[in-house]
Amino acid sequence: MMKIIRTKNYDEMSEKVAELIAKEIRENEHPVIGLATGSTPIGAYKKLIQWYEEGNLDFSDVTTVNLDEYKGLPRENEQSYWYFMHDNLFDHVNIRPDHVNLPDGMNDDPEAECARYDQVVASTGGVHIQLLGMGHNGHIAFNEPSDSFTRGTNCVALQQSTIDANKRFFESEADVPRYAYTMGIGTIMAAKKIVIAVNGRAKAETVKAAFTGPVTPRVPASILQFHPEVYVVLDEEAASLL
Ligand code: F6R
């Protein structure tokens, strides 16, 4: 079942996404929530923080698993996804620090880290809802367009375009991470529910290809058409070509 939810703008999209996540937090005794970084989910995280502050949402039994992390960046680096998640959500709610999970960017051994993270995700007993954003090229997490879908957590080389886009955040290009750890498509598809949020005109073509076109690893998000319960939450601009 794929449900396309059209909203007016970024705020409405964010509220809808936050509602879907809050529902899982309220309805499960030990909620397991999959989270994403990037600009798309920031508004939804603000809503969740607001509901927590108003006393309407409790994170004390919530476990989170994040999609990805740069390899080689320590947690305290402001560009790390660990830092992003604490800055934009975890530091503002009552989640237990030991319930927060991301790939460990400082683990030098990709094989060991990927196996460890797959085990972490499996040991939660299953993700109730996984939040995703989508790249302009249809990527989900760091799973870029390719000839095949990835299975478990894997270590990916960043594309030169990503390195170029990120170098402004670092002292020099040499400091930009070259690799990242990411959940695989198989890991993501194992979540019971998935919510993917997309906004902006620049992603409208890819939205059309991913959710109405053929399922292909050339557009990684298209695999979501085969998931049993996925919510595609779009603003007006992202939905404009549907
Ligand atoms: C984030 C992630 C990425 C982003 C995607 C969209 O953890 O894995 O796939 O979801 O690149 O990024 P934004 O939201 O910045 O457009």
Rounded to one decimal in nm, the spacing of the 7 Å Cα→Cβ label points at residue 123 and residue 9 is 4.5 nm
Heavy-atom accessible area of the chain with neighbours in place, 1.4 angstrom probe: carbon+sulfur share in percent works out to 48 percent
Between the stretch 29-58 and the stretch 68-94, the Cα center-to-center distance that results, in Å = 15 Å
Can you give me the span-like helices of the chain, meaning DSSP H runs with 24 Å or more of Cα extent along the axis and Kyte-Doolittle mean at or above -1.0?
-> 10-27
Given the chain, what percent of its DSSP beta bridges are antiparallel, to the nearest 5?
-> 30 percent
Would you list 13, 189 from the most to the least accessible area, probe 1.4 Å?
-> 189, 13
Heavy-atom accessible area per residue - the chain, 1.4 Å, Å² = 46 Å²
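The values are calculated or read from the model by the stated rules, or taken from the named source; none is laboratory data. If you're wondering where the values come from, they're calculated on a predicted model, not measured in any experiment. As a convention, Cβ positions derive from the backbone with ideal geometry for all residues, glycine included, and neighbour counts pool all protein chains shown. Accessible surface is based on the protein model in full, side chains and every heavy atom, while ligands, DNA and RNA are left aside. Shrake-Rupley method; radii C 1.70, N 1.55, O 1.52, S 1.80 Å.
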